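Just below is one structure, and these are the notes that go with it.
The values are calculated or read from the model by the stated rules, or taken from the named source; none is laboratory data. Please read these numbers as outputs of a predicted model, since none were measured by experiment. Methodologically, a virtual Cβ is constructed for each residue, glycine included, from the backbone with ideal geometry; neighbour enumeration extends over all protein chains shown.
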Amino acid sequence: MINEMSPNPEQSEFHREEQKNKGPSLSWKCHPATRKPLVTIAVTLFVLLVTAAVFYSTDSRTFAVLTLLIMFGSLAKFYFPTSYTLTDEGIIIKTTTQTLRKEWSLYRSYYPDKNGILLSPFVRPTRLENFRGLYVMFNNNKDEVIAFVKAHISSETKESIQEKENK
């Protein structure tokens, strides 16, 4: 008989964290490279072209490999999938190199667009939110994500913060 309370050693830390949350949650994976195969091919060809140009202009394999690693590393969010989990406590984002956990209390406003939603720590739009905010990409679940975020970053919270700023 399997005890449901004991953690399964085969489960990843991400899934164990997800099971700890008692309220409703929303989980999905987003992999931009598989969404648009033609763009993926074009980006890959560009990376290889730049690597070849560096090799032929410097005659250095070291610089060419370094160029390839830097360009590929900077595009890791594009090439590798990202897992998103929204819970009552906050947001869990798992990439190939890190797991990021943020609480809802850090965010005061949100701005959806066609590809995702920007969670901002500021009440009003500012240029800093692109650096301090968190962008969550959709994967054919735009309405569910917006509804979940709206439930946790409510307009009441925005209004109470604005009242405090005005005093």
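The numbered conditions (1) modelled with pLDDT of 95 or more; (2) under 26 Å from ILE93 (Cα atoms) are all true for PHE14 except (1).
Rundown of residues vs (1) modelled with pLDDT under 95; (2) farther than 30 Å from PHE148 by Cα; (3) of a type in the set (A, V, I, L, M); (4) out of contact with any Phe, Trp or Tyr (no Cβ under 8 Å at 6 or more places or on another chain), yes/no style:
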| residue | (1), (2), (3), (4) |
| --- | --- |
| PHE55 | no, yes, no, no |
| ASP59 | yes, yes, no, yes |
| PRO81 | yes, no, no, yes |
| GLU89 | yes, no, no, no |
| LEU100 | yes, no, yes, yes |
| ARG108 | yes, no, no, no |
| ASP113 | yes, no, no, yes |
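Take the conditions (1) free of Cβ contacts under 8 Å to residues at least 40 places away in the same chain; (2) assigned by TED's automatic domain parsing to the domain that holds LYS142; (3) not aromatic (Phe, Trp, Tyr); ASP59 misses just one of them, which is (2).
Within segment 104-114, restricting attention to residues that are touching a strand residue (DSSP E or B) at 6+ places or on another chain (Cβ under 7 Å) and surrounded by 14 or more Cβ atoms within 10 Å (Cβ to Cβ), which residue is nearest to MET137 (Cα to Cα)?
Restricting attention to segment 104-114, the residues satisfying the condition of being touching a strand residue (DSSP E or B) at 6+ places or on another chain (Cβ under 7 Å) are 104, 107-111.
In the following step, the residues that additionally are surrounded by 14 or more Cβ atoms within 10 Å (Cβ to Cβ) were identified as 104, 107-110.
Working: TRP104: 17, TYR107: 16, ARG108: 18, SER109: 16, TYR110: 13 Å.
Looking at the filtered set, the residue picked out is TYR110.
Listed conditions (1) surrounded by 13 or more Cβ atoms within 10 Å (Cβ to Cβ); (2) over 14 Å from the mean Cα position of the chain (by Cα) are all met by PHE80, apart from (2).
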